[in-house]
1. Quick check: is even one residue across region 2-18 without any contact (Cβ under 8 Å) to a residue 60 or more places away in the chain, in a strand (DSSP E or B) and surrounded by 15 or more Cβ atoms within 10 Å (Cβ to Cβ)?
2. List every residue pair whose Cβ atoms sit under 9 Å apart, with the two residues 6 or more apart in sequence or on different chains, where the first one lies in region 51-78 and is within 18 Å of GLY115 (Cβ to Cβ) and the second, anywhere, is open to solvent by 20 Å² or more (accessible area, probe 1.4 Å) and basic (Lys, Arg).
3. When you look at ASN31, is it over 15 Å from the mean Cα position of the chain (by Cα) and open to solvent by 50 Å² or more (accessible area, probe 1.4 Å), yes or no?
4. From the set of residues in region 44-62 that are out of contact with any strand residue (DSSP E or B) (no Cβ under 8 Å at 6 or more places or on another chain) and at pLDDT 95 or above, which is surrounded by the fewest Cβ atoms within 10 Å (Cβ to Cβ)?
5. So, in region 103-123, of the ones that are surrounded by fewer than 18 Cβ atoms within 10 Å (Cβ to Cβ) and among the hydroxyl-bearing types (Ser, Thr, Tyr), which residue ends up nearest to LEU20 (Cα to Cα)?
6. Out of curiosity, is TYR95 at pLDDT 95 or above and open to solvent by less than 60 Å² (accessible area, probe 1.4 Å)?
Amino acid sequence: QVQLVESGGGLVQAGGSLRLSCAASGRTFSNYAMAWFRQAPGKEREFVAGIRWSVSTTYYADSVKGRFTISRDNAKNTVFLQMNSLKPEDTAVYYCAAATGWGLLRRQYEFDYWGQGTQVTVSS
């Protein structure tokens, strides 16, 4: 079992930055692929960014590529999402997720554990 707790959300103006954190506890964190998803009001949850156990392998949704950066610190059991140049359309609840599968996972059913989410609101 893995427990995930997100933090770092808040209200920011368009063009601003936020850094989300996801603290993991339970089984060996470094064995899991990690990802961030988000869900805006009235919309389905969507993939944002993922990172394999090897920190050199990261991948992003086209909508955030070049603006968001995912990273992880296996020694601290934490994954981060640095969000720059935020836009109002980035407003959503952001969720951290963990998976034991292989490959560049980006579908919700591929992830085994989820956090409760943290709200990000970007004002225009």
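The values are calculated or read from the model by the stated rules, or taken from the named source; none is laboratory data. Predicted model only: the values in this text are computed from it and were never measured. Here the Cβ is made from the backbone with ideal geometry for all residues, glycine too, and neighbour counts use every protein chain on show. The protein model used for the area step is the full one, side chains on, heavy atoms only, and it has no ligands, DNA or RNA in it. Shrake-Rupley method; radii C 1.70, N 1.55, O 1.52, S 1.80 Å.
1. Our first condition is that a residue be without any contact (Cβ under 8 Å) to a residue 60 or more places away in the chain; within region 2-18, this holds for none.
Scanning region 2-18, I find no residue that is without any contact (Cβ under 8 Å) to a residue 60 or more places away in the chain, in a strand (DSSP E or B) and surrounded by 15 or more Cβ atoms within 10 Å (Cβ to Cβ), so the answer is no.
2. Partner pairs satisfying both residue conditions: ILE51/ARG72; THR78/ARG72.
3. So ASN31 passes the test.
4. The selected residue is ASP62.
5. THR121
6. Yes: the conditions hold for TYR95.
The rows are residues; the columns are (1) touching a Leu at 6+ places or on another chain (Cβ under 8 Å); (2) under 17 Å from THR100 (Cα atoms).
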{"site": "LEU20", "(1), (2)": "yes, no"}
{"site": "ALA24", "(1), (2)": "yes, yes"}
{"site": "ARG27", "(1), (2)": "no, yes"}
{"site": "PHE37", "(1), (2)": "no, yes"}
{"site": "ARG45", "(1), (2)": "no, no"}
{"site": "TRP53", "(1), (2)": "no, yes"}
{"site": "GLY66", "(1), (2)": "no, no"}
{"site": "ILE70", "(1), (2)": "yes, no"}
{"site": "ASN77", "(1), (2)": "no, yes"}
